[in-house]
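One structure below.
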2 protein chains.
Amino acid sequence: MITNDFYSQENVGPYEIYNLGDFKLEDGGIIPNLKLAYTTHGELNAAKNNVIVIPTWFSGTSKDYESYIGIDRALNPSEYFIIVINQIGNGVSSSPHNSPDPISMANFPNVRIGDDVRAQHKLITEKYGIEEIALVVGASMGAQQTYEWAVRYPDMVKRAAPIAGTAKNTVHDFLFTKTLNDAITSDPGWKDGNYSSHLEVSDGLKRHADIWAVLGLSTEFYKQEKWTLFDMNSVEEFIEEFLHPLYESLDPNSLLTMGWKWQRGDVSRNTGDSLEEALGRIKAKVFVMPISDDMFFTVRDCEAEQKMIPNSELKIVNSVCGHFGLSGVDGADYHRQIDNYLNELLSINVVEPV
Amino acid sequence: MITNDFYSQENVGPYEIYNLGDFKLEDGGIIPNLKLAYTTHGELNAAKNNVIVIPTWFSGTSKDYESYIGIDRALNPSEYFIIVINQIGNGVSSSPHNSPDPISMANFPNVRIGDDVRAQHKLITEKYGIEEIALVVGASMGAQQTYEWAVRYPDMVKRAAPIAGTAKNTVHDFLFTKTLNDAITSDPGWKDGNYSSHLEVSDGLKRHADIWAVLGLSTEFYKQEKWTLFDMNSVEEFIEEFLHPLYESLDPNSLLTMGWKWQRGDVSRNTGDSLEEALGRIKAKVFVMPISDDMFFTVRDCEAEQKMIPNSELKIVNSVCGHFGLSGVDGADYHRQIDNYLNELLSINVVEPV
């Protein structure tokens, strides 16, 4: 275990912790005393049917969804009980750097999207007795978990809104994530996962950030000099004063745990590798919400999946920020689109097919 | 100087060498006895007005254009005198690994697109007495050189066909190329450019190849499992048996020299940073030919430049292979498109504006 203040209550909290006990993983092994960090907004109603579940994205924490939630938003805590759950390995929930032996650091086991969703299910059923979810919504790896929720618990999930993510990770995305991972593991300071401080892996984390710079935004983002959205005055500033510090502050093993998981996100693991069967099983009303300029979770790839989901619609979110648009950095224009789509989705009365 | 058989006459020849003597560079310094390697197809006619010039792309050699040239092609050696010229630093023309001291290896100077085009101009005027070029055509960095030709020598170049490349490199492209370069320079085996064999930089070259795998093809290439076009049976084979060996065989310093040059390709250096003025200066009839699925020399970016060129048309080449489509790996379908466009372009009678 090592300390990394990035993941502290002061920085990404407030969050609560739920201890799930020993948790068996799909790929073998267990996480002893698996801890899920989560945050809630609003109150669970008596019928327990006003629940919204939001899983986190790669490198993100529950803090990152704060701009999505508010009394003037679709994700309205005065109407809904909103639970934002940090994915396993994200540095806040049980992760390589904050876990004791025998799963500390390089010994942290491989975790899959299915593990996250089973753990989240355990949290909300055990702790809150919830049996119905009005909406699961999440972006990027949060979308992977959203799809997994809808496929794995079709009777429980009434609506789902995967933003900027896929149900089955593409081959292209697997290769992209490999370059992100290799940027870290090729740094001699990584020491096969047993560094004594994440600062020893700064070079690798900077190269990791540089690859995000290429795929995470869009060609149009740079052409339109949209780094001003991040309060940066030049592309150099955007790279060196925003992206580098952002990734340098994170835990390298945490990024690798999430990277491994992201590469293998695939709901068809539930149905003997048939994606059509997996998506066909979904009973929720689904809005598939890719971002227009996303370079790796492309509209084309998301649309192909949407067509396999019985009760679904394609709702494209426009942003020249590409994948990073999900951070809400576009401000009002982005959130207006998200709110409009989610308000529409939440207003749909989902009736069970006869 | 070190030996690398990849660049031998046996492998990428036959090519001839022209020695330009001491060549002054835009960024300062000289290349003593600059050698341009080039290959010719067909015969120069008496009027010396049947000339086609083709500059090479990143990591490519004159050999790579062979599939573009033939008596059944637009680039027809029975009609035209076709000169394919290896760019400086490509491993065949003067380059870090084949140059003697004082510019060997890490001491090789920075070279710009403008240097290449001035050197190529010297070659064709001095050696052949050519004063008019029917067509300059090239892909990727070959397109950068094509634009530079048309801007720098507007009276000489009658037609130009930049394929999958831009006149002014984009910020996004600069960042992409940085990740390609960093994959090499972060390898301890690179030794600041003074390795004793390119084999010592294999790890870096493999990571370089892995980044090409993400940006060089397209999301659709992988979705449609188009690695079969490369005679590969799986994506793993495509990466490990095609892309890795391809880049591992190349000279790391050569890739870095070209990478640095690519990053800074910009015809507006001729006109005090005004791209509009530079492109407005072009007298050639220009077909701007981006590839539909190119992830970094995007259709959108190429079209924006095309609109600034007086006598030009946008001609999109369809290929799910993205940027790598330029290798002609699609086969007949790709070459049919290229030939149709180039035949049309060559058939246009270019009259000087009054």
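Secondary structure note: in chain B, about 35% of the DSSP beta bridges are antiparallel.
With an a/c value of 1.5 or above and a/b larger than b/c for the gyration tensor axes a ≥ b ≥ c computed over the alpha-carbon atoms, the protein assembly as shown is described as prolate. When the listed pairs A:158/A:261; A:178/B:178; A:178/A:315; A:35/A:122 are checked against a 19 Å cut-off, the alpha-carbon distance exceeds it for A:158/A:261; A:178/A:315. Using the Cβ of residue A:52 as centre and a radius below 10 Å, the other residues enclosed give a net charge of 0, where K and R count +1 and D and E count -1. Report the residue, chosen from A:30, A:88, A:52, that carries the largest GNM mean-square fluctuation when chain A is represented by alpha-carbon nodes joined by springs under 10 Å. Result for chain A, Cα springs under 10 Å: A:30 fluctuates most. Expressed per residue, the C-alpha convex hull volume of region A:47-142 stands at 103 Å³. From most to least packed by mean Cβ count within 10 Å, the peptides A:32-39, A:20-27, B:232-239 give A:32-39, B:232-239, A:20-27.
Largest GNM mean-square fluctuation across A:241, A:313, A:79, computed for chain A with C-alpha springs under 10 Å, falls on A:241. With the Cα gyration tensor of region B:143-240 giving a ≥ b ≥ c as the square roots of its eigenvalues, does the rule (a/c under 1.5 for rounded; else a/b larger than b/c for prolate; else oblate) give rounded, prolate or oblate? Oblate, because a/c is 1.5 or more while a/b does not exceed b/c. For peptide B:121-130, the mean count of partner chain Cβ atoms within 10 Å of a residue's Cβ comes to 0. GNM remark for chain A: springs join alpha carbons under 10 Å apart, and the peak mean-square fluctuation among A:134, A:106, A:278 falls on A:106. The charge dipole of region A:174-258, taken about its Cα centre with unit charges on the Cβ atoms of Lys, Arg (+1), Asp and Glu (-1) only, comes to about 320 debye.
Bridges between two residues of the protein assembly as shown, per DSSP, are antiparallel at a rate of about 35%. For chain A, the Kirkwood hydrodynamic radius comes to 20.3 Å, computed from all pairs of different C-alpha atoms. Our helix-only sum for chain A, with -39,500 (n - 2.57) per DSSP H run of n ≥ 4 divided by its residues, gives a mean residue ellipticity at 222 nm of -9000 deg cm²/dmol. Highest average first, the peptides A:59-72, A:113-126 ordered by how many other beta carbon atoms sit within 10 Å of their residues are A:113-126, A:59-72.
Contact order normalised by length for chain A, with contacts defined as Cα pairs under 8 Å and 6 or more residues apart; what percent is it? Value for chain A: 18 percent. Take each residue in A:210-218, count the other chain C-beta atoms within 10 Å of its C-beta, and the mean is 5.
Can you bin region A:226-354 into rounded, prolate or oblate? Criterion: square roots of the alpha carbon gyration tensor eigenvalues sorted a ≥ b ≥ c, rounded for a/c under 1.5, prolate for a/b above b/c, oblate for the rest. In terms of gyration-tensor shape, oblate. Packing-based ranking of A:96-104, B:188-196 yields A:96-104, B:188-196, ordered from highest to lowest mean Cβ neighbour count within 10 Å.
FYI, it's all coordinate maths here, none of it is from the lab. Quantities reported herein were computed from a predicted structural model and do not represent experimental measurements. All Cβ positions, even for glycine, are placed from backbone atoms using ideal geometry, and neighbour counts span all protein chains on display.
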